[in-house]
1. Within the stretch 202-241, how many residues turn out to be farther than 22 Å from LEU263 by Cβ, buried (at least 24 other Cβ atoms within 10 Å of the Cβ) and more than 16 Å from the chain's Cα centre (by Cα)?
2. Which ones in the stretch 95-124 are within 20 Å of ALA463 (Cβ to Cβ) and either of a type in the set (Val, Ile, Thr) or not in a helix (DSSP H, G or I) (or both)?
3. Give ALA175, ALA147 a once-over and let me know the one that is assigned to a helix (DSSP H, G or I) and surrounded by fewer than 17 Cβ atoms within 10 Å (Cβ to Cβ).
4. For residues that are more than 21 Å from LEU263 (Cβ to Cβ) and buried (at least 21 other Cβ atoms within 10 Å of the Cβ), tally how many sit in the stretch 67-99.
5. For the stretch 100-128, which residues satisfy the criterion of being under 29 Å from TYR76 (Cα atoms), more than 16 Å from the chain's Cα centre (by Cα) and surrounded by 24 or more Cβ atoms within 10 Å (Cβ to Cβ)?
6. State the number of residues belonging to the stretch 442-482 that are more than 16 Å from ALA341 (Cα to Cα), at pLDDT 70 or above and not in a helix (DSSP H, G or I).
7. Give me a count of the residues in the stretch 418-443 that are surrounded by fewer than 17 Cβ atoms within 10 Å (Cβ to Cβ) and more than 21 Å from ALA394 (Cβ to Cβ).
8. Out of the residues in the stretch 1-46 that are part of a helix (DSSP H, G or I) and in contact with a strand residue (DSSP E or B) (Cβ under 7 Å, 6 or more places away or on another chain), state the one that is surrounded by the most Cβ atoms within 10 Å (Cβ to Cβ).
Amino acid sequence: MKLTYDWLLLAPVLFPAIGSVLLLVIDAVAPRLGRVHWAIAAVLLLAGAAAAVPGTLPSADNPRRTLCLPPNTCLYAVDHVGVGLQLTALVSGAVVALLALPIRVPAERAAVQATLVLAATAGATGVVAARDLGSWLVMLELATLPAIALVALRARRAAVDGALALLTTSLVSFAITAMGAALWFAATGSALFSGDAVLHASNDPDSRRILVLAVVFIVAGLAFKISLVPFHAWTPEAFGGASVPIGAFLAVTSKVAALAALLVIFRGVTVLGTSALAAIGVLSALSMTLGNLMALREKKTLRFLAWSTVSQAGWVVLPLATVSSRAVRSAAAYLIVYAVATLVAFIVVTALAHADGREHATRLSSYGGLLQRRPLLAVTLALALLTLMGLPPAVIGLVAKVAAIGPVAGSRLWVLAIIAAINAMLGVAVYLRWLRILFGARKDPDNPEALHPVHQTLVIVGALALVVTSIAPHSLLQLVGR
């Protein structure tokens, strides 16, 4: 049997994957390049994003397949939703690389960190399209394991503690997910995520019970990676200990990988009905509520963003509690909007940390009077927070929340819809707390410096992205075919 290849379709995965090896070779030949590795990584990731763009066009086949064996078995398939998630992972990885570029670290550490970001991003883009259990598990762990080293490489006690929490969680997560995968194979008799195999298994009472158990195990394993309550404990520790750019990577790129992995499973299990998806609704409600309540009392910037991630993760998976045909697109659309807003917030925090010092930028109280001191940063951060709140003028955030709650209301899950509405209001209070500080009493740092040109450029691009997508929300949501 001959395996067919479409190299252009595989390019979004191949660019970062081959690039990670290339960076190691470059570092071996020229070990003193240091931060140049970050620039190379950013170029490779943007090249991968450019290769994915044709898949967003309306004329693109939906889905597009490769790595196919006769008669009709394909191990790699990506539709408009998958391409949108791949673009999000690649662009966010490139932004992380550019954020890290101006930061001074030992030359050998920069090469390793850039390589790890490329490898993890390759895993995030690959798991989107994996259609067999083996590739799916490998890509999922490739997106996860490098993140542990990225946290630890900051070489501070808090970083080691955060990396240890992330490592412990990852090991438990992998064990649970692997058990779920084994149960999936036992129930369906297939190593492929095939709707036909699931439908056949659901017709047999014994196989159906095993399949439901497999889904529960897999959802629990992925809940660790998405930071859903009660599997979230690693999140504030890892965010607080990591460098700020790596915090952005954990908050955005890693979440793209986790949701992509969940969507691969979700597409096949909708035939089981709402009973198999009830666990997702419970996790969503718990995550939104606890994340908001903890963020209300948090005083550290990075830990605040960690609890924000927990809360927003609940919104991301909210549509998946239904069997609505819109659920997958709604979840992906919300994730992309969350990714843009959170990435912009991390850009502002990184720029401020590099100019005024990490200790200053990682205290919420230090943002007092930021509008007077650094109006560009303040306005950009305010737009990001308004997007996460879902309030005008950041219209894109409101559109995302409506898209997320729509399938729930359409499926008449009124209890879950009411919990989401309450948390939408609670979320306003959460982010208004930071906004109030921005416009509050002025607090100047000891030795303020000008923003680095790279960071300043990213801040401007981030602000423009939020403005443009709020004026024309469809420009962003069309990435997932909405």
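The values are calculated or read from the model by the stated rules, or taken from the named source; none is laboratory data. Bear in mind that the values here come from a model prediction, so they are computed numbers and not experimental data. So basically every Cβ, Gly included, is an ideal-geometry build from the backbone, and we count neighbours across all protein chains shown.
1. Summing the residues that are farther than 22 Å from LEU263 by Cβ, buried (at least 24 other Cβ atoms within 10 Å of the Cβ) and more than 16 Å from the chain's Cα centre (by Cα) in the stretch 202-241 gives 1.
2. Selection gives VAL95, VAL96, LEU101, PRO102.
3. Of ALA175, ALA147, the one residue that is assigned to a helix (DSSP H, G or I) and surrounded by fewer than 17 Cβ atoms within 10 Å (Cβ to Cβ) is ALA175.
4. 6
5. The answer is GLN113, ALA114.
6. Result for the stretch 442-482: 4.
7. 4
8. Kept after step one, since they are part of a helix (DSSP H, G or I), are these residues of the stretch 1-46: 7-29, 36-46.
When the remaining residues are screened for being in contact with a strand residue (DSSP E or B) (Cβ under 7 Å, 6 or more places away or on another chain), the result is 9-10.
On the way: LEU9: 23, LEU10: 19.
Among them, the one singled out is LEU9.
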